[in-house]
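Here's the structure, in structure tokens; my notes come after.
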Amino acid sequence: MAHSEATLVASNSNLRHHFDDTAQQFESSTLGMWVFLVTEIMFFGGMFGAYTVYRQLYPDAFASTSRFMNVTIGAINTAVLICSSFTMVLAVRSAQLGKKKALILFLVATLILGCVFLGVKYTEYHEKWIDHHIPGPYFQYADSRYFHQAQILFFLYFAMTGMHAIHMIVGAGLLTTLIVMAARDRFSSAWYTPVEMIGLYWHFVDIVWIFLFPLLYLIGHTK
Amino acid sequence: MNHHVVSTRLYTAVFIALLALTVTTVAVSKVELGELNLVVAMTIAVVKAMLVVMFFMDVRRASSLTKLFVIAGLFWMAIMLVFLVSDYVSRGWLPGPRWF
């Protein structure tokens, strides 16, 4: 028993001494990552709560500001994010199989799709900048009845999509780290925990957008 | 790690389902359904999120402890949203649903 444990530790330098085996270590990492994601659920949940209250409080202003959300661009960005989640699971799968080339390829694809999403988001923000739809001293709104209410709703739009975009930027940084680590042969089919954990994070950010898209872009139109 | 590797076919099927649901939710949003628009859009969003959580994040094969943490997180968010809205509605600060 002692002998087999010693060989196990010697054969896998990634196993920390306080874990019995790699399976237990992996299980702990997954649980820890999910605890972090639960705090993220609560964080975004607060903003979804504020959104729910103000949408009900100012239904007319909400219908008015909804006209400035471009459904086509929102739908394209949703598809881009779903594609990036797909390439991410394929990256994790490649890591499980120990395929280094495929792993790097899928990670790069995920990173590119993430950057495409942020680029499209930039054009949307730029459009709102041009239209003076950024809440603050230079805010302008065509319908003067909704001047104050529209500012609150645009603020919520920027807070929610902005926090989501910051998570995407962090995710892009994490993906870059993974690509460098993969290129340096840090992962094997025996140890690829960071790929799996950052995969969980990336999918979570995708899920946030899955809820933001219908709430911000779709439901206001038919009101 | 002796993880069972999932086939590419299953991932592709989930991916296509997610894209199909995105097209569906956009198409339904063009139809005037009144209050049902919100219900349909949110139902589709929940189904999409479930697909991502179960298959891409692999919660269906995760340990019971991890599943418990995921469910607890969602339950606590439900407490936050339900109590927040019920507080506003019961004070008459928000228009409640018609049956209220």
*Being surrounded by fewer than 17 Cβ atoms within 10 Å (Cβ to Cβ), more than 22 Å from A:Gln96 (Cα to Cα), within 14 Å of chain B (Cβ to nearest Cβ) and touching a residue at least 40 places away in the same chain (Cβ under 8 Å), is that true of even one residue in the range A:208-223?*
yes
*Are any of the residues in the range A:163-172 away from chain B (no Cβ under 14 Å), of a type outside the set (D, E, K, R) and farther than 18 Å from A:Phe44 by Cβ?*
yes
*Failed condition for A:Phe147, given (1) surrounded by fewer than 17 Cβ atoms within 10 Å (Cβ to Cβ); (2) closer than 21 Å to A:Leu118 by Cβ; (3) aromatic (Phe, Trp, Tyr), with all others met?*
(2)
*Hey, can you tell me all the residues within the range A:49-79 that are more than 7 Å from chain B (Cβ to nearest Cβ), within 23 Å of A:Gly114 (Cβ to Cβ) and part of a helix (DSSP H, G or I)?*
A:Thr72, A:Ile73, A:Gly74, A:Ile76, A:Asn77
*State all residues of the range B:42-89 that are free of Cβ contacts under 8 Å to residues at least 24 places away in the same chain and outside any helix (DSSP H, G or I); if no residue qualifies, say none.*
B:Met57, B:Ala62, B:Ser63
*So B:Arg9 fits all but one of (1) over 20 Å from the mean Cα position of the chain (by Cα); (2) within 7 Å of chain A (Cβ to nearest Cβ); (3) not acidic (Asp, Glu); what number is the exception?*
(2)
*Under 8 Å by Cβ, and 6 or more places apart or on different chains, what pairs join a residue from the range A:184-206 that is at positive phi with one that is part of a helix (DSSP H, G or I)?*
A:Asp185/A:Lys100
*Selection count, the range B:12-42, where residues are among the polar types (S, T, N, Q) and more than 10 Å from chain A (Cβ to nearest Cβ)*: 1
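Readers should treat all values here as calculations from the given coordinates under stated rules, not as data from a laboratory. As the structure is a computational prediction, the values presented were derived from the model and not from experiment. All Cβ positions, glycine included, derive from the backbone under ideal geometry; neighbour counts span all protein chains shown.
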